1. Would you mind pulling out the separation of the Cα centroids of the stretch A:132-164 and the stretch B:180-239, in Å?
2. What list of ³J(HN,Hα) couplings, whole Hz, do you get for the stretch A:156-161 from phi and the Karplus terms 6.51, -1.76, 1.60, once you set θ to phi - 60° and write x for glycine and proline?
3. Pop out the ³J(HN,Hα) list for the stretch B:2-8 in order, Karplus 6.51 cos²θ - 1.76 cosθ + 1.60 with θ = phi - 60°, rounded to Hz; leave Gly and Pro as x.
4. Fewest to most neighbouring Cβ within 10 Å: what's the order for A:Trp62, B:Trp151?
5. Counting other beta carbons within 10 Å of each Cβ, put B:Ser71, B:Ser131, B:Ser168 in order, fewest first.
6. Across the residues of A:147-159, average count of Cβ atoms on other protein chains within 10 Å?
7. Inside 10 Å of the C-beta atoms of A:173-180, what's the mean count of C-beta atoms belonging to other chains?
8. Residues with amide H under 5 Å of B:Leu191's amide H, sequence separation 5 or more or different chain, H placed in the peptide plane at 1.01 Å from N; which?
Amino acid sequence: MRPELSAASDASLALAIARYREDALAEAYRRHAGAVFGLARRLLREKAAAEEVVQEVFVRLWNAPERFDPERGSLRSYLLAQAHGRAVDQMRAESSRRRREEREARETAHGGYDLEREVGDIIVAGQVRDVLGALPDTERKPIELAYFRGHTYREVATILGEPEGTVKSRIRSGLKRMHGQLAVAGLGAKGQQP
Amino acid sequence: MTHNEIEELLGVYALDALDDDERQEVEEHLPSCPRCRAELAAHLEVAAMLGNAVGELPAAAPDGLWDRISSSLQDEPPALVPFRRPSSARRLALVVPLGAVAAALILVVGLLAAKVGNLDNKVGHEASVSSLLLNPKHQTVELTSAKHANWRATVILLNGAGYIINPSMPAITRSETFQLWALSRGKVVSLGVLGARPNGAPIRVEATMTLLMISAEPLGGTPAPTTPVLVQGDLPVGL
């Protein structure tokens, strides 16, 4: 790898990737693949499926680097958003949905369905965790079920036994509240570098 | 769906928690609504932090995964080089006129193509684009499409030299390349092939040129356009 890449900004890396420099993609992978894999693994639980998401995300960055806009956030945020979308798509694909439902049915049979336990094992780091944890339950639970479990808001409404309209409003107000709190804590869009 | 209804969906949209039909409605609304875009940007920031804060991060992705990714990448496209002059006249016979603009023109093998330099394959290139943009004397040419509002590219120029930036053009196949053309003294000349991703490609124009055009051509380029022009734009007078 040429020495300048390890110090290159996200924007420079994306530009180098757009110029078909594979070492630039390798550098982006070195910086962010762990986080991307971590999120995909968290969502999909299966290593092979998570690896597939990582592969898709980086191949897409190679093929369409212009979709990443440095003005709108960090490269890591972009890659994580891509990974989330892809992982959720996989979770909703018919066959894996069936597997997931069977697994959840088994878990329910063994331990009883316990939302607190279901989402409680989601370990969220530092301040983000605090801010999420400080939300009223009515906002926190739908956000966790949607983001970390990949449920649509309609599914979330069914799980929580709430009207769909209520769920979408609470997700929206919860995100707004988190945004305010994270800004207060000094975490903004640019605060996500490793 | 009304603006207010869309607005209610922005949070769940940011969390990928919408069904396809509603997601599509949100995506159709966004381009025309700065207010929704701003709200969504804030939601996406929070979503990214949630994703970033997932615990038990492995230090790195599994071994061997990079090798799989690396081997699945498409081959590099041709760098920006002059097209090869065809060996037989038969190829010229395949040429299809451009469209109204160029139909009556005599198509000329691009004598100017040799003037186009090779794509500078360095990150430092970004500096060239930005320093050009920072120069108050630079000129901007917008290449657009009459049929597709979202097809476009921008050319920035200073003293006849510059770059293509922010292209948004239809996908092309692996056997195609974008190629840049100019209208010069009533003739269409090639300014070189651009590969699959024209962003940042350097270009040079002559004072005699009045129109820039980009088309998708067979890999390697052609002496004259064989497909309709995708985007085009007038060059300023007196470059």
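1. Comparing the Cα centres of the stretch A:132-164 and the stretch B:180-239, I get a distance of 53 Å.
2. 4, 4, 5, 4, 8, x
3. Values per residue, Gly and Pro as x: 7, 4, 5, 5, 4, 3, 4 Hz.
4. Details: A:Trp62 20, B:Trp151 17.
If I rank by nearby Cβ atoms, fewest first, I get B:Trp151, A:Trp62.
5. Numbers: B:Ser71 7, B:Ser131 11, B:Ser168 15.
Result, fewest neighbours first: B:Ser71, B:Ser131, B:Ser168.
6. Working: counts 10, 4, 1, 3, 3, 9, 9, 5, 2, 3, 0, 0, 0.
Mean inter-chain Cβ contacts per residue within 10 Å come to 4.
7. Values: counts 1, 3, 13, 6, 1, 7, 7, 2.
Mean number of neighbouring Cβ atoms from other chains: 5.
8. Excluding prolines and chain starts, which carry no amide H, the hits are B:Leu180, B:Trp181, B:Ala182.
Since every read-out is calculated from the coordinates, none of them should be taken as a lab result. In this text the structure is predicted, and so the values were computed from the model without any measurement. Cβ atoms come from the backbone with ideal geometry, glycine included; neighbour counts cover every protein chain shown.
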